[in-house]
Protein chains: 2
Amino acid sequence: MSDSVRRRTHGQASRQAFVDATGVLLRRQGYAATGLSEIVARSGAPKGSLYFHFPGGKQELALAAMEHTGEQLRAGIAALLAQPGGAAASLSRLIDVLAAGLEASGYRDGCPIATVTLEASGTEPVRLTAERVFSTWLAELEAALEADGMEPGAARRRSLMVLAAIEGGLVLARARRDTGPLEAVRDELRELFGAVPAG
Amino acid sequence: MSDSVRRRTHGQASRQAFVDATGVLLRRQGYAATGLSEIVARSGAPKGSLYFHFPGGKQELALAAMEHTGEQLRAGIAALLAQPGGAAASLSRLIDVLAAGLEASGYRDGCPIATVTLEASGTEPVRLTAERVFSTWLAELEAALEADGMEPGAARRRSLMVLAAIEGGLVLARARRDTGPLEAVRDELRELFGAVPAG
């Protein structure tokens, strides 16, 4: 490996280490509580390279971490929804996966975007990034529901409901240290999907 | 008014001003971003009396503010649910009230408890207070659903779903600066309540 390639590879590894560390901290404790020194310590990357990769400092890092964790979760949602059996069954599996992950992390790893949204939605670049990430998740849900035969308007409304219920279920589950709220959401969504309007 | 009564009255007014200011700041920006000097400035109360009323500092203030805003919202939920027309219609009105309040505040005033829960659920007194406040809201919802004839187990599950969907709807609405997610939750809940299981 030439020196310049090695430097570039190290540089990319450091950049990704900063992004990963920021993603974990934003998910667990949010934006305001997360300081640059904590990010550097968790990343294991050289402190001196932080401003080289992220001249915009903490906000630029936070946006990159939100995009990165958001894309990971989008891909996970897409993979689950691509399984056979229909969207409603896939959503039950998605909620079970999220509940298991939350419990395994000692109720620390909830949604990687929600905490930052609630704290920092007054900071327009943060809000716009949160909006964009949520939109990528909603697009996956909508596409799966339309593939199941739902009309676009109904699929859009149902997707917002599904994501809202999951996000709120994660909030309540963290407050209670109990996956019960997510299980309730899963079972109620199953009822909503299986239900026929009475009117 | 005697001097001692006047002092006590002033003291209670200062205490409440600190609690109110903390409640607004926790709701808008969360726990980590809220400093004691910002609380004092917003309260208009004398800085010197802060540690007299709250020797435990910021955490004690935050718990008092969560209890206070939580009780205000519980009373609001109870009042709406007490209106005639059944729980489902009352819940639609509750969501419309929350959406209007969020929009009127420039998308700053969401749930007073959720932000702190997501940031600070690792701090056990904060988590326990969040759990307790959510439980008081859930108890109102469950009682209303049972009064409508729902079995206790079903009412418990439905209440968790309703609260989760509203909490998540507030997160998405803040990210999008748009009440659409709350309207979708309202309409989907109406369908869930009106629906007959297909199976």
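Every number here is computed from the coordinates shown, using simple stated rules; none is lab data. Everything quoted here is computed from the prediction, not taken from an experiment. We place every Cβ from the backbone using ideal geometry, glycine too, and count neighbours over all the protein chains shown.
What's the FRET efficiency of residue B:79 with residue A:79 using the Cβ-Cβ distance as r and R₀ = 35 Å, to the nearest 0.05?
Working: r = 45 Å, r/R0 = 1.30.
The value I calculate is 0.15.
For the range B:32-122, state which trypsin sites (Lys or Arg not before Pro) are in a DSSP loop and have at most 15 other beta carbons lying within 10 Å of their beta carbon. Each step should come with its number before you reach the end.
Working: sites: B:42, B:47, B:58, B:74, B:93, B:108; in loops: B:108.
The qualifying sites are B:108.
Once you sort the root eigenvalues of the Cα gyration tensor of the protein assembly as shown as a ≥ b ≥ c, which label holds: rounded (a/c under 1.5), prolate (a/b larger than b/c) or oblate (the other case)? Working shown, then result.
Numbers: a/c = 2.10, a/b = 1.01, b/c = 2.08.
Here the protein assembly as shown falls in the oblate category.
What percent do you get for the relative contact order of chain A when only Cα pairs under 8 Å and 6+ apart count?
On the way: 195 pairs, mean separation 45.6, N = 199.
Computed over chain A, the figure is 23 percent.
Set the Förster distance to 22 Å, then compute FRET efficiency between residue A:147 and residue A:72 from the Cβ-Cβ distance, nearest 0.05. List each step's numbers first, then the result.
Details: r = 23 Å, r/R0 = 1.03.
For R0 = 22 Å, the calculated efficiency reads 0.45.
Under 20 Å Cα to Cα from residue A:47, which aspartates and glutamates show up? Leave out anything in the same chain fewer than 8 places away.
Correct list for residue A:47: A:20, A:38, A:60.
By the gyration tensor of its Cα atoms, with a ≥ b ≥ c the square roots of the eigenvalues, what is the shape of the range A:3-194: rounded for a/c under 1.5, prolate for a/b over b/c, or oblate?
Values: a/c = 2.17, a/b = 1.82, b/c = 1.19.
It comes out prolate by the Cα gyration axes.
Place a label point 7 angstrom from the Cα of residue A:139 along the Cα-to-Cβ direction, then list the residues of the range A:153-172 whose backbone nitrogen is under 20 Å away.
Only A:153-164 pass the distance filter.
Quote the FRET efficiency, to the nearest 0.05, computed for residue B:59 versus residue B:108 with a Förster distance R0 of 25 Å and r equal to the Cβ-Cβ distance.
Numbers: r = 23 Å, r/R0 = 0.92.
It comes out at approximately 0.60.
Testing the spin-label approximation: label points 7 Å from Cα along Cα→Cβ at residue B:51 and residue A:154. State their distance in nm.
Once both label points are built, they end up 6.4 nm from each other.
Could you work out [θ]222 nm for chain A from helices alone, using -39500 (n - 2.57) per DSSP H run of at least four and dividing by all its residues? Round to the nearest 500 deg cm²/dmol. Provide the component values of the computation, followed by the final result.
Values: 9 runs with 153 residues, N = 199.
So the helix-based figure for chain A works out to -26000 deg cm²/dmol.
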